[in-house]
Amino acid sequence: MLVPLQLGGGASLLAIGFAILFFFIIIISFIRRYKRCPSDRILVVYGKVGTGNSAKCIHGGAAFIWPVIQDYEYLDLTPISIEVDLANALSKQNIRVNVPSRFTIGVSTEPGVMQNAAERLLGLGAQEVQDLAKEIIFGQLRLVVASMDIEEINSDRDKFLTNISQSVESELKKVGLKLINVNITDIVDESGYIEALGKEAAAHAINAARKSVAEKNRDGSIGEANAVQDERTQVAAANAKAVEGENIAKINVANSDSLRRQREAEAERTAIAAEKVQSAKALEESYAAERDAELARAERERSSQMADIVVPAEIDKKKVEIDAEADAERTRRIAKGEADAILFKAQAEAQGILEVLTKQAEGLDKIVQAAGDSPKDAVLLLVADKLPELVKTQAEAIKNIKIDKVTVWDTGAKTEDGKNSTANFISGMYKSVPPLQDMFNMAGMQLPEYLKGKNVVEGEDAPKDTKSPTAPKKNE
């Protein structure tokens, strides 16, 4: 039973070992397929790149190359120097020239141009790339020479090189190359035109140099004479300026002395004034110190008096205020009690008046009912009830007159009605009391017939038709 168990355990360990080895091989393979691109090369990944292009170019980075479906190669960025000896090229003037030159080119790293290099130069050697570039340069160089004059080619080399660079570089980009440098060594022609132009330029240069020498000699003589003149003029001017400077210096010295004396006097005056000011300030400060001392002493005396007099007075004042507040509180409480008593008394009186008025109203209501609900007859009943008092009041109007105290001057003459002055006086005094009939008339009432008899004062019968102007008339 132990042998089969040992065989099963060994098979499991072997399987785990193979699995670890396989996993390790896979990791190594993946690591080896991760390619890093050096700075002097371009990594070209081709196959299934998944970008819609035939290849993917990487410069200065890295990429993982999938096995089976992808592969890679490098493009070298090392510059290539090409010597181009262009001979018998026709210029714009149909003059044949020789243009020996040297071009330096290399694979471009621009994104679009780099893609062209991957499509057209991948797999070519350095010599094959050089031959391809040389053919392109020859053709473009002939076109540039044919578009320019000999004088322009010979005199304006910068323009010539610029035209060559623009023309050649635009064509090199189509195959993924870049123009790095152009160097034109010399330009010659078979007819000697360029040499003649050189001789003409040399002759012009020699004549210009001779003319320049003569002009310089003339300018030297004139300059020498002008220099002598300027020397004399400048010496005279310098002497005059020297004398003027000496005079100005003397004036400045005098002014300086005057200013110095003024400054000294001003400084002395300022010093004296400052001394006096300082003395005055010292006296002022001493006076101020004495004043402060006196004020402090007075303040101390005042504080002492305040402590001896004012503080007890304030204590007494506070005590009086507290007593006054207590009296006021007591008075307030007494006044409040009296006010409450007055209020209760007034309320009781008002309640009594209300009861009296209520009873009077009830009595008046019964009187009106007794008068047959006639307000006028009710008023007559009330007046008739008060008639004894009215008569008594009328009689008392002259009750207390002392006749013996009244002096009447009577001349003895009689009036038309046969009365003397004394009788008229007494009659008039009695008439000043309102007659009973008039009082009833003012009340809107009519006296009974038995009270309309004789005149009490005169002792005569009263007229039968005596009525108040306001009395009501009977209907006949």
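Laid out as a table, the results:
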quantity	calculated
Qualifying residue in the stretch 104-115 (condition: part of a strand (DSSP E or B), assigned by TED's automatic domain parsing to the domain that holds GLU128 and either aliphatic (A, V, I, L, M) or touching a helix residue (DSSP H, G or I) at 6+ places or on another chain (Cβ under 6 Å) (or both))	yes
Given (1) more than 30 Å from MET114 (Cα to Cα); (2) modelled with pLDDT of 80 or more; (3) among the polar types (S, T, N, Q), index of the condition SER170 fails	(1)
Residues within the stretch 118-137 that are over 19 Å from ILE42 (Cα atoms) and loosely packed, with under 15 Cβ neighbours inside 10 Å, tallied	2
Whichever residue in the stretch 65-103 is assigned to a strand (DSSP E or B) and without any contact (Cβ under 8 Å) to a residue 40 or more places away in the chain and, among such residues, is farthest from GLN127 (Cα to Cα)	GLN70
Unmet criterion (only one of (1) outside the structural domain of LYS134 (by TED's automatic domain parsing); (2) modelled with pLDDT under 85; (3) closer than 28 Å to ASN181 by Cα) for ARG96	(1)
Condition check for GLY17: at pLDDT 85 or above, part of a helix (DSSP H, G or I) and either under 30 Å from ILE150 (Cβ atoms) or outside the structural domain of GLU152 (by TED's automatic domain parsing) (or both)	yes
Which numbered condition VAL44 fails, given (1) out of contact with any Cys (no Cβ under 7 Å at 6 or more places or on another chain); (2) under 29 Å from GLY139 (Cβ atoms); (3) β-branched (Val, Ile, Thr)	(1)
Number of the exception - VAL44 against (1) assigned to a strand (DSSP E or B); (2) modelled with pLDDT of 85 or more; (3) in contact with a Lys or Arg (Cβ under 8 Å, 6 or more places away or on another chain); (4) in the same structural domain as GLU169 (by TED's automatic domain parsing)	(4)
Residues being buried (at least 17 other Cβ atoms within 10 Å of the Cβ) and part of a loop (DSSP other than H, G, I, E, B) - total across the stretch 50-64	1
Which listed residue, of LEU172, LEU141, LEU161, is surrounded by fewer than 17 Cβ atoms within 10 Å (Cβ to Cβ), in the same structural domain as SER101 (by TED's automatic domain parsing), of a type in the set (A, V, I, L, M) and assigned to a helix (DSSP H, G or I)	LEU161
Sole residue being modelled with pLDDT under 80, of a type in the set (Gly, Ala, Ser) and either more than 30 Å from ASP385 (Cβ to Cβ) or surrounded by 10 or more Cβ atoms within 10 Å (Cβ to Cβ) (or both), chosen from ALA350, ALA307, ALA326, ALA346	ALA307
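The values are calculated or read from the model by the stated rules, or taken from the named source; none is laboratory data. Being a predicted model, the structure only gives us computed values, none of them experimental. In this analysis, Cβ positions are derived from the backbone assuming ideal geometry, glycine residues included, and neighbour counts consider all displayed protein chains.
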